[in-house]
Structure formats: structure tokens, C-alpha cells
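Q: Below you will find the structure I want to go over with you.
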Amino acid sequence: MKLYNTVISGNCYKIRLLLSFLNLDYEQISVNLLHQEQKTAEFLKLNPLGQIPVLEDQGRYIHDSQAILCYLAKTYDAHQLWFPQETITMTRILEWLFFANQRIASSLSAARAFYLIKKPNIDIEHATVMSHASLAVVNQHLKTRHWLVGESATIADIACYPYIALAHQGNIELDPYPDVQAWLARFQQLPHFIELEE
Ligand SMILES: N[C@@H](CCC(=O)N[C@@H](CS)C(=O)NCC(=O)O)C(=O)O
């Protein structure tokens, strides 16, 4: 199994987290975004969208971090704990995967990209407002729960964790969100948890 990735990407970090939780061996192929390696003709054959992460497994190339999380959990988690298949539980998890891909990507992830890599064309005021709106939703949800869905960590938590944990890099303080902070601390206690740069 190969993961085309770069260390500072939160989307790639989601995949490294699940691979670690599942104790799976894989090879990391580093893709240099500054050199636009994700837009070469060769890379576009792996992902026509020209983005990382991309997972190669059993001759298949899978892109989008949320899709890769689903694929890995369904294929390699024998107990189906990370992505339970009971209809309502699965549906709730999908809600959070779409939240990560849409709301978190356009707010916390955008704010981080603005400050960390000076990514152009980001409306930082809007991204900041939307970051706090997103965090308020997550904080409210976690007031009565330990995990986003069900009684244990799932791929919903993995999909939302990186850009919330890295909020400070986008100048978003987490002080007003104590339930989010408690959830981050719980997540970091999971067996085989890894930091972004491990
Ligand atoms: N929805 C995708 C977004 C992937 C994405 O935005 N990847 C970034 C790195 S975090 C990227 O490849 N950026 C370079 C580009 O878009 O050219 C996912 O969740 O994987």
C-alpha cells in the first residue's frame, strides 16, 4: 500500500492516523506541492483532480481523504469499529465526513492555509467567522457525547480532528470551546495515536 502525501497536509494526516490505528504497513510517497508535483501528467493519472492524498492499494488509486477513510475502514477493520455499517450510525458518520469536507475545509483549513502557506484568494474574514460557527456546532454536539458518533471513536472523529487540532495555526483560538478541547485530548489518548509530524 502506498500513500501519496505531504507531511503538513491535514487531509493526508487523516489517512496516516487511520493507518496507524489499524496498524497497517504502507509506503509514503512524498508529493511536493510547492513544485506542483500534484499537477504533472503522471500524477493526474492517479488523481485527475491533481490533489493529495491518494492511496494506492491492490492496483486501485483512491483519492479524497474521506473516501480513503471509508475504503480503509471497510477493507481492513475486521471488527468494523471505525466505520460501523448499521444504517443510522453509518449515516451519522457520513454527515460528519461531509462536514469535514465542506465546512471544515472552507473555514479552519482555509484559515490555516492563509497564515501557514500564504495561500492566495482566501477571504480570511469569512473563513474566521465560519471557523467559529463550525466550532460552535461541534462544541454543542460534544456537550453530551465523548465521540462524534456512537460510543467510541470512528472515522467521523478522524475526519474532523486534524484541522480542529491545528486551529491555532489559522489564528483560531479554542478557549471558547471546552468540549472540543476535551474531545481533542481524548482523541490524543487513543492507542497508536500519532502527531502530525511523526
Ligand atoms: N477533498 C479533498 C481535498 C484535498 C486537498 O485539498 N488536498 C490539498 C492538500 S491538503 C492539495 O492537494 N492541494 C494542492 C492543489 O489543490 O493543487 C480531500 O479531503 O482529500
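Q: Report those strands (runs of 3 or more DSSP E) wholly inside the range 1-73 carrying at least 2 residues which are farther than 22 Å from Arg112 by Cβ and more than 10 Å from the ligand (Cβ to nearest atom).
A: So the answer is 27-30, 54-57, 60-63.
Q: A further question follows. Could you figure out which of (1) within 16 Å of the ligand (Cβ to nearest atom); (2) closer than 30 Å to Glu37 by Cα; (3) touching a helix residue (DSSP H, G or I) at 6+ places or on another chain (Cβ under 8 Å) isn't true of Ser134?
A: Condition not satisfied by Ser134: (2).
Residue-wise test of (1) part of a loop (DSSP other than H, G, I, E, B); (2) more than 22 Å from Pro176 (Cβ to Cβ).
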{"residue": "Thr89", "(1), (2)": "no, yes"}
{"residue": "Leu94", "(1), (2)": "no, yes"}
{"residue": "Thr128", "(1), (2)": "no, no"}
{"residue": "Ser131", "(1), (2)": "no, no"}
{"residue": "His146", "(1), (2)": "yes, no"}
{"residue": "Ser152", "(1), (2)": "yes, yes"}
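Q: Go through the range 101-131 and give me each residue that's away from the ligand (no atom under 12 Å from the Cβ), hydroxyl-bearing (Ser, Thr, Tyr) and either within 25 Å of Glu195 (Cβ to Cβ) or at pLDDT below 95 (or both).
A: Ser107, Tyr115, Ser131
Q: Condition check: free of Cβ contacts under 8 Å to residues at least 24 places away in the same chain, of a type in the set (S, T, N, Q) and either in contact with a helix residue (DSSP H, G or I) (Cβ under 7 Å, 6 or more places away or on another chain) or part of a loop (DSSP other than H, G, I, E, B) (or both). Does Gln85 satisfy that?
A: Judged against the criteria, Gln85 is a match.
Q: What is the number of the single condition among (1) away from the ligand (no atom under 11 Å from the Cβ); (2) in a helix (DSSP H, G or I); (3) surrounded by fewer than 16 Cβ atoms within 10 Å (Cβ to Cβ) that Gln80 does not meet?
A: Gln80 satisfies all of (1) away from the ligand (no atom under 11 Å from the Cβ); (2) in a helix (DSSP H, G or I); (3) surrounded by fewer than 16 Cβ atoms within 10 Å (Cβ to Cβ) except (2).
Q: Then there is this: Being over 24 Å from Phe187 (Cα atoms), modelled with pLDDT of 95 or more and surrounded by fewer than 21 Cβ atoms within 10 Å (Cβ to Cβ), is that true of even one residue in the range 88-100?
A: no
Q: Do we find that Val137 is without any contact (Cβ under 8 Å) to a residue 40 or more places away in the chain and not assigned by TED's automatic domain parsing to the domain that holds Ser65 in this structure?
A: Yes, satisfied.
The values are calculated or read from the model by the stated rules, or taken from the named source; none is laboratory data. Remember, it's a predicted structure, so these values are computed and weren't measured experimentally. Counting neighbours? That spans all protein chains shown, and the Cβs are built from the backbone with ideal geometry, glycine included.
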